[in-house]
Amino acid sequence: MTDFTPNQKTLGAILFSRSGEVLSGSFLSESLGISRQAVSKNIGILRKTGFPVFSIERKGYVLKDSEESLHPLLLENEIQRLGSSGKAWYFHSLPSTQKVMKEFAKKGAPEGSLVVGETQTAGKGRTARSWVSPAGKGLYFSLLLRPSLPPGCVQLLNLLAGLAVCQSIEECTTLFCDLKWPNDVLYGNKKICGILSEAATDSDSIRYAVVGIGVNVNTAITEFPEEIRETATSLYDISKKTFSRRRLLLKIYDNFIQKYHLMLSRGFDSFLPSYEERCSTIGKNISLSYRDELLYGKAEGITKEGALILYTGEERLILHSGDVRHLR
């Protein structure tokens with residue numbers, strides 16, 4: 001992670017706002033109120049961090065943006081262009097984006113902030129599972145929220161995120177994915193994305209929530225551990241095409257934030273039909289691990305609180321969490 005100075009952030013914002021234009025050193029100098037030498041020095045520092053700004057001899061500087069770049073200044077300007085006041089942090093390697101974002105949350109990071117990792121050494125899934133994170137191939141990020149919701153509503157963030165991921169994959173690739181309750185995105189019964197929402201709560205409210213999303217984007221099947229090759233897939237594995245991770249990330253971010261604000265104002269009810277339509281768990285015979293008990297039955301639907309309705313043959317149970325397996 002690089003800490004950028006205010007001048008470097010302002011330079012980044014100006015170059016981003018006029019991407020593709022050659023901006024003279026004197027224009028940037030006047031815009032920032034610093035010398036041309038200071039502009040040149042700060043441009044040099046930005047370039048060393050991977051910011052795609054280039055010098056044109058005797059003319060100035062130009063941002064030649066690439067959809068492949070996950071540079072934090074590009075991401076931060078992109079999400080702020082979408083109306084967010086969030087910040088963005090990028091790490092070449094980190095234990096998990098969830099762990100780092102929770103630390104930033106405790107320090108007062110604003111809602112809508114992003115932590116993105118190129119690779120994770122201890123990526124987290126549900127029930128203490130690990131998440132395989134090949135460098136440069138997938139999307140691994142966490143999003144910070146500060147919702148006015150009671151603690152029991154954290155589950156709804158998983159469901160919203162699943163809808164946003166499905167919609168975004170379809171918009172970026174035309175591939176239609178479905179959902180396995182509560183937090184997996186599937187393509188052809190294989191997992192393409194995992195979602196993990198965690199929250200710090202008081203007795204009656206959520207102080208902050210962190211939604212972690214991992215998407216297998218350009219990962220070849222041979223890059224997965226052998227033990228998960230039968231159950232995992234990637235956008236590349238399905239289509240044999242590579243996709244822009246940044247474009248997909250920003251689509252997910254935008255779609256999720258829009259749904260999130262609608263949910264806060266209207267409740268989850270308005271999303272329930274869309275979720276049930278996408279949820280391949282509904283109508284299936286399943287097993288569900290819940291509080292050290294293994295339950296069997298037919299998934300009949302989802303409640304407006306995001307809980308699963310399970311008919312065991314004797315009773316209907318309302319389950320707010322659990323590890324689901326679709327039975328054939």
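Those residues that are assigned to a helix (DSSP H, G or I), open to solvent by 20 Å² or more (accessible area, probe 1.4 Å) and farther than 16 Å from Pro6 by Cβ, I need them from segment 21-42; list them, please.
Those that are assigned to a helix (DSSP H, G or I), open to solvent by 20 Å² or more (accessible area, probe 1.4 Å) and farther than 16 Å from Pro6 by Cβ: Ser26, Phe27, Glu30, Arg36, Gln37, Ser40.
For segment 297-311: of the residues being open to solvent by 50 Å² or more (accessible area, probe 1.4 Å) and modelled with pLDDT of 95 or more, which is farthest from Lys180 (Cα to Cα)?
Tyr311
When the residues of segment 276-296 are filtered to those that are of a type in the set (S, T, N, Q) and under 20 Å from Leu157 (Cα atoms), which remaining residue is most open to solvent (accessible area, probe 1.4 Å)?
Here is the first cut: in segment 276-296, the residues of a type in the set (S, T, N, Q) are 280-281, 285, 287, 289.
Filter once more, so that each one left must be under 20 Å from Leu157 (Cα atoms): 280-281.
Values: Ser280: 19, Thr281: 0 Å².
Here the residue is Ser280.
Would you confirm whether or not segment 165-185 contains a residue that is among the small types (Gly, Ala, Ser) and crowded, with 19+ Cβ neighbours inside 10 Å?
yes
Picking from Lys87, Lys102, which residue would you name as being open to solvent by 60 Å² or more (accessible area, probe 1.4 Å), touching an Asp or Glu at 6+ places or on another chain (Cβ under 8 Å) and closer than 27 Å to Asn255 by Cα?
Just one listed residue meets the conditions, Lys87.
Within the set of pairs 6+ apart or on separate chains, which have a first residue in segment 54-65 that is within 13 Å of Ile43 (Cβ to Cβ) and among the aromatic types (Phe, Trp, Tyr), a second that is open to solvent by 50 Å² or more (accessible area, probe 1.4 Å) and in a strand (DSSP E or B), and C-beta atoms under 6 Å apart?
Close Cβ pairs satisfying both conditions: Tyr61/Ser55.
Out of the residues in segment 86-101 that are among the polar types (S, T, N, Q) and under 14 Å from the mean Cα position of the chain (by Cα), which is modelled with the lowest pLDDT?
The residue in question is Ser96.
The values are calculated or read from the model by the stated rules, or taken from the named source; none is laboratory data. From a predicted model like this one, the values you see are computed outputs, not experimental measurements. Here Cβ is always computed from backbone atoms with ideal geometry, including for glycine, and neighbour counts include all displayed protein chains. The area values use the complete protein model at the heavy-atom level, side chains included, leaving out ligands, DNA and RNA. Shrake-Rupley method; radii C 1.70, N 1.55, O 1.52, S 1.80 Å.
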